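What follows is a short report on a single structure.
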Amino acid sequence: MSIISKFKFWAFLPVGMLFIVTGILVVIVDTILRRADMPTIGVFVFLTLFIFIWIWLVFGELRTKLIKAEIEGEQIAVSKYLGFGSKKYYILSQFDGIETAILPSRYDKYEYLYLMKNGRKVIKLSEFYHGNYTDLKHALTGKVKNLGQSRLDFIQEVKEIFI
């Protein structure tokens, strides 16, 4: 049996945000380059914030969480960047197991599923982004050891952007 991940509408929100942030960055940099005098520290703080948001969207959300996953038998194929990245194949027995984490939001709670290998999160599936998250989770249950629930750590998530 083969199961392919499906994205929810929310999966395209980071893409829209990326276009907006990129546009704002272009305007800010263009304004800085056209000025003869040195901009204030506030402009640099604002620019740094938008650069961080851009990096977080591209390397955090699009690269690690907005992934297309295809589970077939004892293998999983993953492609990053909404499925536009190159496919990478893994044998499920290669993984140490599955960890889950709960991300609370204002209106609901969302579960993340991490396929772990050598203590690192190799594949992240998200209930927030994947419409058939439950099906993906059930397809992996029994094939990969359940390592239990982990605490969602924002600092660790930021570190993983750069790994």
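The values are calculated or read from the model by the stated rules, or taken from the named source; none is laboratory data. Since this is a predicted model, take the numbers as computed values, not measurements. Counting neighbours? That spans all protein chains shown, and the Cβs are built from the backbone with ideal geometry, glycine included. Keep in mind that these areas ignore ligands, DNA and RNA; they rest on the heavy atoms of the full protein, side chains included. Shrake-Rupley method; radii C 1.70, N 1.55, O 1.52, S 1.80 Å.
Can you name every residue in the range 69-101 that is open to solvent by 20 Å² or more (accessible area, probe 1.4 Å) and not in a strand (DSSP E or B)? Correct list: Gly73, Glu74, Lys80, Tyr81, Leu82, Gly83, Phe84, Gly85, Ser86, Ser93, Gln94, Asp96.
Residues that are small (Gly, Ala, Ser) and surrounded by fewer than 20 Cβ atoms within 10 Å (Cβ to Cβ) within the range 123-138 comprise just one, Gly131. Taken over the range 26-68, the criterion of being within 30 Å of Ile4 (Cα to Cα), among the hydrophobic types (A, V, I, L, M, F, W, C) and open to solvent by less than 40 Å² (accessible area, probe 1.4 Å) is satisfied by Leu57, Val58, Leu62, Leu66, Ile67.
The rows are residues; the columns are (1) in a helix (DSSP H, G or I); (2) of a type in the set (Ser, Thr, Tyr); (3) at pLDDT 90 or above; (4) in contact with a helix residue (DSSP H, G or I) (Cβ under 9 Å, 6 or more places away or on another chain).
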site	(1), (2), (3), (4)
Ile3	no, no, yes, yes
Phe12	yes, no, yes, no
Gly16	yes, no, yes, no
Gly23	yes, no, yes, no
Val26	yes, no, yes, no
Val29	yes, no, no, yes
Ile32	yes, no, no, yes
Ala36	no, no, no, no
Pro39	no, no, no, yes
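With respect to (1) under 27 Å from Leu18 (Cβ atoms); (2) open to solvent by 20 Å² or more (accessible area, probe 1.4 Å); (3) at pLDDT below 95, the lone exception for Gly142 is condition (1). Return yes or no: is Ile55 within 30 Å of Asn132 (Cβ to Cβ) and in a helix (DSSP H, G or I)? So Ile55 fits the description; yes.
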